[in-house]
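Asks: To start, I am sharing the structure in question, which I have written as structure tokens.
The values are calculated or read from the model by the stated rules, or taken from the named source; none is laboratory data. None of these values were measured; they are calculated from a predicted model. Cβ placement follows ideal geometry from the backbone for every residue including glycine, while neighbour counts extend to all protein chains displayed.
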């Protein structure tokens, strides 16, 4: 019983002081951008989110931000989720939106994935900040020179 009390009293100490504090700066850094000299804005973009099923809520949040960016533009956008996991949570699978559009209806496909996720600052999941690489690769499906 004494060991249980000791573990109960000492564990908050490790949770508070166990992580190294790192400065967190909001924003994005473009590491590499390659574009054709003849690039023109497409009339339609199909965003495909790829990766682990645990990222579904992050991708849904990103989708809503992308929709806000394109809200007042003439560019048609669509979304698809290609997510998988060895042991997916049922709630994650239920949260994956169903695809309604076909990629062949769009000029450009933008595949979005994440690598190198690192949690910073807080052991509290609701206060935690994350650092990661967001990878976006675009491919022209249809070329319309007009």
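Asks: Please indicate, with yes or no, whether at least one residue in the stretch 35-44 is without any contact (Cβ under 8 Å) to a residue 24 or more places away in the chain, surrounded by 10 or more Cβ atoms within 10 Å (Cβ to Cβ) and within 26 Å of residue 104 (Cβ to Cβ).
Replies: Within the stretch 35-44, one or more residues are without any contact (Cβ under 8 Å) to a residue 24 or more places away in the chain, surrounded by 10 or more Cβ atoms within 10 Å (Cβ to Cβ) and within 26 Å of residue 104 (Cβ to Cβ).
Asks: Which one is modelled with the lowest pLDDT among residues in the stretch 44-83 that are in a helix (DSSP H, G or I) and in contact with a helix residue (DSSP H, G or I) (Cβ under 8 Å, 6 or more places away or on another chain)?
Replies: Here is the first cut: in the stretch 44-83, the ones in a helix (DSSP H, G or I) are 53-69.
If we keep only those that are in contact with a helix residue (DSSP H, G or I) (Cβ under 8 Å, 6 or more places away or on another chain) as well, we get 53-54, 56-57, 60.
Working: 53: 90, 54: 86, 56: 91, 57: 89, 60: 92.
Filtering the stretch 44-83 for residues that are in a helix (DSSP H, G or I) and in contact with a helix residue (DSSP H, G or I) (Cβ under 8 Å, 6 or more places away or on another chain), the one modelled with the lowest pLDDT comes out as 54.
Asks: Which is in contact with a strand residue (DSSP E or B) (Cβ under 9 Å, 6 or more places away or on another chain), in a strand (DSSP E or B) and at pLDDT 75 or above, of 113, 119?
Replies: On the way: 119 fails: at pLDDT 75 or above.
Testing whether each residue is in contact with a strand residue (DSSP E or B) (Cβ under 9 Å, 6 or more places away or on another chain), in a strand (DSSP E or B) and at pLDDT 75 or above leaves just 113.
Asks: Testing residue 58 on (1) free of Cβ contacts under 8 Å to residues at least 24 places away in the same chain; (2) closer than 27 Å to residue 94 by Cβ, one condition comes back false. Which one is that?
Replies: That leaves (1) as the condition not met.
Asks: Here's another thing I want to ask about it. Is it the case that residue 95 is at pLDDT below 80 and either closer than 26 Å to residue 132 by Cβ or out of contact with any helix residue (DSSP H, G or I) (no Cβ under 6 Å at 6 or more places or on another chain) (or both)?
Replies: For residue 95, the condition - at pLDDT below 80 and either closer than 26 Å to residue 132 by Cβ or out of contact with any helix residue (DSSP H, G or I) (no Cβ under 6 Å at 6 or more places or on another chain) (or both) - is not met.
Asks: For residue 86, which of the numbered conditions (1) assigned to a helix (DSSP H, G or I); (2) at pLDDT 90 or above fails to hold?
Replies: (1)
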